[in-house]
Amino acid sequence: QVQLVESGGGLVQAGGSLRLSCAASGRTSRRYTTGWFRQAPGKEREFVGVIRLSDGTTYYSDSVKGRFTISRDNAEGTVYLQMNSLKPEDTALYYCALGATYSVVPTSYVYWGQGTQVTVFS
């Protein structure tokens, strides 16, 4: 079993930055990938980015590319989402998820955190 805990969300002015953390515990493996997703009220869960834990390869959605960066610290079992130049449309509940497939599809991921709220005001 794997547990994921997100942290770092909050209230930030447009143009500001936040760094989210996703701490994993339990039976994790560097063969896994960690994805970040977000969900705004009334909208479907949206892919943000993904990182392959073995080599750090990343992929981002077009809406965040160039503004968001995913990194990992395998020794600490933590994945980070650095979010810069935040916009009001980035407001959502942000989730990290762990899976065996390098994928943009939520159903590819087995383990999910509880989410952390990010609110960007103008």
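The values are calculated or read from the model by the stated rules, or taken from the named source; none is laboratory data. Since the structure is predicted, the reported quantities are computational estimates derived from the model, not experimental observations. Cβ: placed from backbone, ideal geometry, glycine included. Neighbour counts: every protein chain shown. Heads up: the accessible areas ignore ligands, DNA and RNA and are worked out on the full protein's heavy atoms, side chains in. Shrake-Rupley method; radii C 1.70, N 1.55, O 1.52, S 1.80 Å.
Among the residues of the range 97-122, those that are closer than 25 Å to S29 by Cα, open to solvent by 50 Å² or more (accessible area, probe 1.4 Å) and under 12 Å from the mean Cα position of the chain (by Cα) comprise V104, W112, Q114. Residues that are open to solvent by 30 Å² or more (accessible area, probe 1.4 Å) and among the hydroxyl-bearing types (S, T, Y): does the range 62-69 have at least one? Yes, some residue in the range 62-69 is open to solvent by 30 Å² or more (accessible area, probe 1.4 Å) and among the hydroxyl-bearing types (S, T, Y). Tell me, please, whether a residue that is surrounded by fewer than 17 Cβ atoms within 10 Å (Cβ to Cβ) and under 10 Å from the mean Cα position of the chain (by Cα) can be found in the range 76-96. Looking through the range 76-96, at least one residue is surrounded by fewer than 17 Cβ atoms within 10 Å (Cβ to Cβ) and under 10 Å from the mean Cα position of the chain (by Cα). Residue check: A40 meets all listed conditions (1) over 11 Å from the mean Cα position of the chain (by Cα); (2) more than 12 Å from L93 (Cα to Cα); (3) among the small types (G, A, S) but one, namely (2).
When D62 is tested against (1) touching a residue at least 12 places away in the same chain (Cβ under 8 Å); (2) more than 18 Å from Q1 (Cα to Cα), only condition (1) is not met. Considering (1) touching a residue at least 60 places away in the same chain (Cβ under 8 Å); (2) within 17 Å of T119 (Cβ to Cβ), the lone condition that P106 does not fulfil carries the number (2). The residue that is modelled with the lowest pLDDT, counting only those in the range 7-28 that are open to solvent by 30 Å² or more (accessible area, probe 1.4 Å) and of a type in the set (S, T, N, Q), is T28. Among the residues of the range 35-57, those that are closer than 22 Å to V120 by Cβ and open to solvent by 20 Å² or more (accessible area, probe 1.4 Å) comprise Q39, A40, P41, G42, K43, E44, R45, E46, F47.
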